[in-house]
Each structure stands twice: as C-alpha cells, then as structure tokens.
Amino acid sequence: MKFTVHTIAKIIIPVGLVVLGVNGMMEVRLQHDMDQKAVSLKQNVSEAKSLSGQLGQGLQGLSQLQQTTKHMQSSLVQIQQTSLNMAAGLGTLAQTVAGINQSVATIGNGVGQSQAYIHSISQSELKILNTLQHLNQVNSDIVQNLGTMLADEGSIHNNLVQMNQKIALVP
C-alpha cells in the first residue's frame, strides 16, 4: 500500500481533530476546576481577613486586661502594706490599752477609789481590749485574703503571658 500526501492528509486531519477535541475538553475541565478553586480560595481569604481583624481586637483586649491586672497588683500591694501597718498600729494600741488598764488599777489602789468604779473601768478596758484584739484578728484575715488575691493575680498574669505567647504563634 502506497501512501500519498492525500491519503496521509486524510488520516492525519481526523486524528488531529480528535486530538484537538480531547485536548480542548481537558482544557475546559481544567478551567472549570480552576474557577471552582478560585471561588473557594476567595471565600477562604475573606474568612481569614475577617478572623485576622477579630484577632487584633482580641489582642487589644488582652493588653488592656494585662495593664489592668498590673494596676490591680500595685494597688493590692499598697493595700497589703497599709493593712500590715494597721495591724502593727492595732497591736501597739492593744499594748497601750493594756498599759492603761494596769495604770488605772495602780492609780485606783493608790488613791483609794471605790472598788465598783475600778471594776467598771477595768471591764470597759477589757471590752476595748477584746474589741481591739478582734479587730486585729479581722485585720490579719484581711491581710491573709490580700495575700491570696495577690497569688491569684499572679496566676492570672501568668495565664495572660501564656495566652500572649500562644497568640504570637498565630500567623
């Protein structure tokens, strides 16, 4: 069998058209896939932009919370120091009242005041002393509670530091 240009053209043209048709169908399918993926990518990009905007607001809130926590810590330290000073003052006052009680008893014996008057003053002083001791105990409880609050504040601060470190890892 002899191949002529005409015979070869008759074979090549239909085969070429079939190949071009298959290639065209593949390109159309690829373009359709690319369009779908482009739409999906646009949705993902807009969602990522939205989330990144929200992340910035959340980070600002954390900074404000951290500043507030630091301010609270310094306030709590001042309150604790004041409470300790009050406790020391109440202790001194209790000693002074006890000294006054003893002095009144000595003066009462020395001057010869009546037993009823001395007893009344002594009872009043004991009530004052008991009240001061109760106030001293309440103040000690306040100091202990402030210590607990400082420990809690330290824990909150550590948690904020950890959150900031974790957020720093988010791209």
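All of the numbers you see were taken from the coordinates with simple rules; none came from a lab. Small disclaimer: the values here were computed from a predicted structure and weren't measured. Neighbour counts run over all protein chains shown; Cβ positions are idealised from the backbone, glycine included.
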Nitroxide proxy distance, nm - points 7 Å out along Cα→Cβ at THR7 and VAL28 = 3.5 nm
How many nm separate the modelled label positions at GLN123 and GLN78, each set 7 Å beyond the Cα in the direction of the Cβ?
-> 4.5 nm
With Cβ to Cβ distances under 15 Å as the rule, what net charge do the other residues near VAL170 carry (K, R +1; D, E -1)?
-> +1
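D for the chain, whole µm²/s, Stokes-Einstein with Kirkwood Rh over alpha-carbon pairs at 37 °C and 0.692 mPa s: what number? Can you show the working numbers first?
Values: Rh = 25.4 Å.
Roughly 129 µm²/s, to the nearest whole number.
What is the sum of charges around ASP35, taking Lys and Arg as +1, Asp and Glu as -1, for the other residues whose C-beta is under 12 Å from the C-beta of ASP35?
Working: positive: ARG29, LYS37, LYS42; negative: ASP33.
Cβ neighbours under 12 Å give a net charge of +2.
Helix-only mean residue ellipticity at 222 nm, the chain, DSSP H runs n ≥ 4 weighted -39,500 (n - 2.57), per residue, nearest 500. What is it? Walk me through the intermediate numbers first.
Details: 2 runs with 162 residues, N = 171.
Counting only the DSSP helices, I get -36000 deg cm²/dmol.
Do the alpha carbons of any pairs in LYS42/LYS166; LYS49/LYS70; LYS10/LYS37 sit beyond 30 Å of each other, and which pairs?
Checking Cα-Cα distances, LYS49/LYS70; LYS10/LYS37 exceed 30 Å.
For SER63 and LYS49, calculate 0.36 nm times their separation in residues minus their Cα-Cα distance, and state this gained length in nm to one decimal.
Details: separation 14, 0.36 × 14 = 5.04 nm, distance 2.15 nm.
Result for the pair: 2.9 nm of gain on full extension.
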